[in-house]
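See below for the structure under consideration.
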């Protein structure tokens with residue numbers, strides 16, 4: 001039986017020049033409620049007592065799941081090309097410093 005290939009959906013995305021430059025983040029704080037996930041992208045600099053949040057992204061749980069799948073897929077592609085990503089212990093906020101989401 002001949003199956004027709006599914007048409008590829010094309011998504012046009014616009015990015016402004018100031019956003020295309022990007023923002024470097026070396027810390028992500030994640031919180032959630034029953035209806036949303038909050039991702040605070042921050043930068044922690046050596047010698048400074050606190051990190052600075054540069055961008056807050058709020059997503060629904062289904063969109064976070066899609067993000068997780070996309071990241072996993074891209075990490076596999078990256079590691080297939082460049083080798084395993086090694087994660088070394090790095091200073092960050094102590095685990096006991098909870099970051100909590102707003103209650104709904």
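Rounded, prolate or oblate: which fits the range 1-56 when a ≥ b ≥ c are the square roots of the eigenvalues of the alpha-carbon gyration tensor, with rounded for a/c under 1.5 and prolate only if a/b beats b/c?
Note, shape of the range 1-56 comes out prolate.
Based on the alpha-carbon gyration tensor of the range 22-82 and its eigenvalue square roots a ≥ b ≥ c, which shape applies: rounded if a/c is under 1.5, prolate if not and a/b is larger than b/c, or oblate? Mind showing how you got there, number by number?
Working: a/c = 2.92, a/b = 1.16, b/c = 2.52.
Since a/c reaches 1.5 but b/c is at least a/b, the shape of the range 22-82 is classed as oblate.
I'd like to compare 63-72, 12-21: which one has the highest average count of other Cβ atoms within 10 Å, and what's the full order after that?
In descending order of packing, they fall as 63-72, 12-21.
Taken together, the values in this text are just the output of simple stated rules run on the coordinates, not laboratory data. Because the structure is predicted, anything quoted here is derived from the model rather than measured. Using ideal geometry, Cβ is built from the backbone for each residue, glycine included, and neighbour counts are taken over all protein chains shown.
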